[in-house]
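Structure, as structure tokens:
The values are calculated or read from the model by the stated rules, or taken from the named source; none is laboratory data. Predicted model only: the values in this text are computed from it and were never measured. No Cβ is skipped: glycine too gets one built from the backbone with ideal geometry, and neighbour counts run over all protein chains shown.
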Amino acid sequence: MTAPGRRDGAAGDGRDGDVERSMAAYAARSGMRRKDNGQLDVLHAVGGWRGLAETILPGFVFLAVLLVGNTLGAALVASLATAALFTVLRLVQRQSLVQAVSGFVGVVVCAVFARATGEALDYYVPGFWINAVWFVGLGLSLLARWPLLGVFYGYIRGEGSQWREVPVRRRAYRVATAMLMAMFAARLVVQVPLYLAENLTGLGVARLVMGVPLYALTLWLAWLVSRPPEQIAAQERDPAPD
């Protein structure tokens, strides 16, 4: 009976090790890192100023052209052209295409939805599904006891997965992950009623404001909430310049 127990434990350790390695690899590709003062580099996490532009401008151009010209086709073309321009610029400059291409694909999907129905409001429908999927995914990470922000922040703080063995750290990362869940939920709570009310301007503005700016703010607040106790004490003694 003893030997099988050891084998089962070893198998369990192996599965945990595989999960940890997979999570560490995912975190390494997330784009999150710390600044020299130890704070989360939020701007880098969202792709820098260029990444912000690549994320925000296609949606802004779509809404602006639609409101000015009241022509769905022109608004879709302008939005796609903006996203394509960023992709071409990165290609010419031989930079990473991941964010620009993913952004372009996202705009294409939104354009397909709007074009298929002929309704400008449907440009925003894919975003509802994306937010819902992230909400569910984060919830599953909590249920699995691998809160996603714990994986990311634990990696860039050098904690690895050791935080899972410390109750106070587990709680901190659960709270941080729950904050990100709340952000995705807030997007749906605000934007879906605007969609149902056919308030195109309100929905477009809400999507811009609650997009990358809100995401960046939530990441920063979650970082502060999940700081290790010794780091909080050190910063209170000697606040680091921002």
- How many residues are surrounded by 15 or more Cβ atoms within 10 Å (Cβ to Cβ) and part of a helix (DSSP H, G or I) when one looks only at the range 197-207? 6
- Those helices (runs of 4 or more DSSP H) completely within the range 73-162 that have 1 or more residues that are under 23 Å from the mean Cα position of the chain (by Cα), surrounded by fewer than 18 Cβ atoms within 10 Å (Cβ to Cβ) and free of Cβ contacts under 8 Å to residues at least 12 places away in the same chain are 98-117, 125-143
- Any chance the range 60-79 includes a residue that's at pLDDT below 90 and touching a Ser or Thr at 6+ places or on another chain (Cβ under 7 Å)? no
- Message: Condition (residue is modelled with pLDDT under 95, part of a helix (DSSP H, G or I) and within 25 Å of Thr55 (Cβ to Cβ)) applied to the range 174-196: is it met by at least one residue?
- Response: no
- How many residues does the range 163-177 contain that are surrounded by fewer than 17 Cβ atoms within 10 Å (Cβ to Cβ) and among the aliphatic types (A, V, I, L, M)? 3
